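Q: Have a look at this one before I ask anything.
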Amino acid sequence: MAPFNYYRKLSPALKRVYRRSDELTEVELSTPATLRPIARQAEELLAEDRQRALQGACQRLADEINNQLGVPPVTVRVLAKRPSRTWGELHGLYEPPDGGQPARLTIWMRTAQRRQVVAFKTFLRTFFHELCHHLDYELFELADSLHTEGFFKRESSLFRQIAGS
Ligand SMILES: [Zn+2]
């Protein structure tokens, strides 16, 4: 759907959320350098197909980012095969806190179709994408987390600071 048509159909309250989301283009980490070794470790663990250890590294990455930003934690799950749906593949999933349960971020290691381990860049981008949903609620205090241009810029800003491109 074209962004304009999407925008036009939003309620006035959601239009305000959309515009605010679009204005925010950066996630400012205090010490991104401390995150780079964890990302490199995650890259090795993905290549070695070590699911549990990779989940641990992703949890440390999320904890460190959330600490630097002063927001509540998120529980990270790394699962093996992506679920397949008629509308396509799910890459990652963010579930906000629910009745005392902390927020949860799920990410898959393998494609549903060919069961291949996903490329690390794709994996990490998906991870940052889902974490950006968390930050929309917890850091920027937006009432909803929308896929605006600003959202994708924030995702890229995390990627740039931590993975360097
Ligand atoms: Zn999303």
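No lab work stands behind these numbers, since they all come straight from the coordinates. All values reported here derive from a predicted model rather than from experimental measurement. Using ideal geometry, Cβ is built from the backbone for each residue, glycine included, and neighbour counts are taken over all protein chains shown.
Q: Using only the Cα atoms of the chain, what do you get for the radius of gyration and for Dmax, in Å?
A: Here Rg and the maximum Cα pair distance are 16.0, 49 Å.
Q: Report the extension gain between L79 and D49 in nm, rounded to one decimal, defined as 0.36 nm multiplied by the number of residues separating them, less their alpha carbon distance.
A: Stretched out fully, the L79 to D49 stretch lengthens by 9.7 nm.
Q: While we're on this one: List the GluC sites (Glu not before Pro) within the range 49-153 that fall in a DSSP loop (any state other than H, G, I, E or B) and whose Cβ has at most 13 other Cβ atoms within 10 Å.
A: E141
Q: Pop out the Kirkwood hydrodynamic radius of the range 86-136 from its pairwise C-alpha distances, inverse of mean 1/r, in Å to one decimal.
A: On the way: mean 1/r = 0.0837 Å⁻¹.
Computed over Cα pairs of the range 86-136, the Kirkwood hydrodynamic radius comes out at 11.9 Å.
Q: With only Lys, Arg, Asp and Glu charged, each at its Cβ (+1 for the first two, -1 for the last two), find how big the charge dipole of the range 47-112 is about the Cα centre; round to the nearest 20 debye.
A: On the way: 9 positive and 7 negative charges, 54 e Å.
My answer is approximately 260 debye.
Q: With loop defined by DSSP as not H, G, I, E or B, and exposure as at most 13 other Cβ atoms within 10 Å, which is the longest segment of the chain clear of exposed trypsin sites (Lys or Arg not before Pro)?
A: After excluding every exposed loop site, the longest remaining stretch is 10-113.
Q: Between the helical axis of 120-138 and the dominant principal axis of the chain, each derived from Cα atoms, what acute angle in degrees is found, rounded to the nearest 10?
A: 40 degrees
Q: Sticking with this structure for a sec: Tally the DSSP beta bridges in the range 76-155 and give the antiparallel ones as a percent, rounded to 5. Could you put the intermediate results ahead of the total?
A: Values: 8 of 13 bridges.
Percent antiparallel among DSSP bridges in the range 76-155 is about 60.
Q: While we're here: P(r) of the range 111-165 in 5 Å steps, Cα pairs, percent per bin?
A: The percentages, shortest bin first, are 5, 18, 26, 20, 14, 12, 5, 1.
Q: Go ahead and estimate [θ] at 222 nm for the chain from helices alone: -39,500 (n - 2.57) per DSSP H run with n ≥ 4, summed, over the residue count, rounded to 500.
A: -16000 deg cm²/dmol
Q: Please compute the contact order of the chain in relative form: average sequence separation of alpha-carbon pairs under 8 Å and at least six residues apart, divided by the residue count, as a percent.
A: Reported as a whole number, the value is 27 percent.
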